[in-house]
Amino acid sequence: MERIKKALERARAEREGQPAQQKATPGTPHVPAAEITYSQTRNVDVPRTVLRRNRVISGFEPCDFTDAYKMLRTQVLQRLNENDWNVLAITSPGSGEGKSLTALNLAASMAMEINRTVLLVDANLRNPSLHDHLGLPAGPGLNDYLTKDTPLSELLVHPKSIDHLTFLPAGAPMLNSAEMLNSPKMTHLVDELKNRYAGRIIVFDLPPVLSAADALAFAPYVDAALLVIEEGRTEREQVENALELLASTNVLGTVLNKADKAA
């Protein structure tokens with residue numbers, strides 16, 4: 001834990017005082033969400049047993065696990081509200097550090113807010129996995145919007161067991177994912193999603209920073225980012241390298257995944 005904190009303090013100094021971690025204080029959303037009905041979005045049943053097996057918070061009764069994400073949600077929403085931001089990216093230095101599940105659980109926790117709706121986008125076009133966490137089969141998604149002009153209304157999914165959450169899958173893996181994330185059509189999509197509904201947060205699950213150019217290509221289009229690191233696996237040098245590459249992005253801080261509770 002100490003090595004991560006020191007790395008973040010250095011990155012914070014380089015960002016002219018950007019705080020790396022926030023205190024858990026109550027969030028105060030100030031823009032009421034529009035009343036959303038999912039008449040044009042595909043509604044799917046995702047049993048709570050599936051969510052629980054995949055460690056998605058919506059499958060659990062209130063416990064320490066769900067409380068941890070509520071605390072993270074409060075900290076993140078506070079920063080987003082302060083700056084009038086609503087586009088958040090989740091990434092990590094390397095693969096297998098838990099960023100996709102973190103993105104899903106944070107989005108689900110945000111969707112519990114009365115005045116919020118959330119759109120979760122699987123922008124990991126190289127190796128999409130969010131549909132697996134939701135127990136959904138592979139199908140069309142962002143890839144099809146970008147390459148085939150498939151309307152969003154045919155791609156969006158609403159898991160009925162997670163109120164106020166809409167999901168845009170990635171679709172089939174793409175080799176030219178960085179180029180597609182940096183394309184004019186993707187830029188237009190982000191702008192449209194950002195401004196379509198008041199009170200909506202858009203959460204993008206991005207590929208790892210150090211393994212592909214995707215996250216860097218897409219970073220200019222988001223308001224802020226969270227970096228997910230794994231206790232006992234992510235090395236200090238990896239954190240520093242990732243933060244250096246994201247120096248022009250508003251990095252809100254890190255999420256320490258798989259941490260020993262006693263640490």
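Counting every other Cβ atom within 10 Å of each residue's Cβ, SER183, SER161, SER58 order from fewest to most as SER183, SER161, SER58. Computed from phi, the 3J(HN,Hα) profile of region 142-151 under the Karplus parametrisation 6.51, -1.76, 1.60 (θ = phi - 60°) reads 4, 3, 6, 5, 6, 10, 10, 6, 5, x Hz, with x in place of Gly and Pro.
For region 132-155 versus region 194-238, the spacing of their alpha-carbon centroids is 20 Å.
Need one number: % antiparallel among DSSP beta bridges in region 55-257, to the nearest 5. Each step should come with its number before you reach the end.
Details: 1 of 25 bridges.
That works out to approximately 5 percent antiparallel.
Coupling constants for region 182-196 follow from the phi torsions by the Karplus curve (6.51 cos²θ - 1.76 cosθ + 1.60, θ = phi - 60°), and in residue order they are 9, 7, x, 5, 5, 4, 5, 4, 4, 5, 5, 5, 5, 10, 6 Hz; glycine and proline get x. Residues whose amide H falls under 5 Å from that of VAL251, counting only those 5 or more places apart or on a different chain, are ALA225, with hydrogens built in the peptide plane.
Pairs spanning more than 32 Å between alpha-carbon atoms, out of LYS70/LYS194; LYS148/LYS258; LYS148/LYS194: LYS148/LYS258. If you take all other residues with their beta carbon under 12 Å from the beta carbon of ALA178, and give Lys and Arg +1 and Asp and Glu -1, the sum is -1.
Can you tally the net charge around GLY94? Count Lys and Arg as +1, Asp and Glu as -1, for every other residue whose Cβ sits under 12 Å from the Cβ of GLY94. Mind showing how you got there, number by number?
Values: positive: LYS99, ARG233; negative: GLU97, GLU230, GLU235, GLU237.
Charge balance near GLY94 sits at -2.
Starting from the exponent 0.38 and prefactor 2.2 Å, build the expected Rg for region 55-257 from its residue count and divide its actual Cα Rg by it. If you can, show how the numbers build up before the last one.
Numbers: Rg = 15.6 Å, N = 203, 2.2 N^0.38 = 16.6 Å.
Rg over 2.2 N^0.38 Å, computed on Cα atoms: 0.94.
Here's how it looks for ARG126: its modeled amide H is under 5 Å from those of MET174, which are all 5 or more places away or on a different chain.
None of the figures in this text is laboratory data; all of them are computed from the coordinates on show. Since the model is a prediction, treat every value here as computed from it, not as a measurement. Glycine gets a Cβ as well: all are built from the backbone with ideal geometry, and neighbour counts include every protein chain shown.
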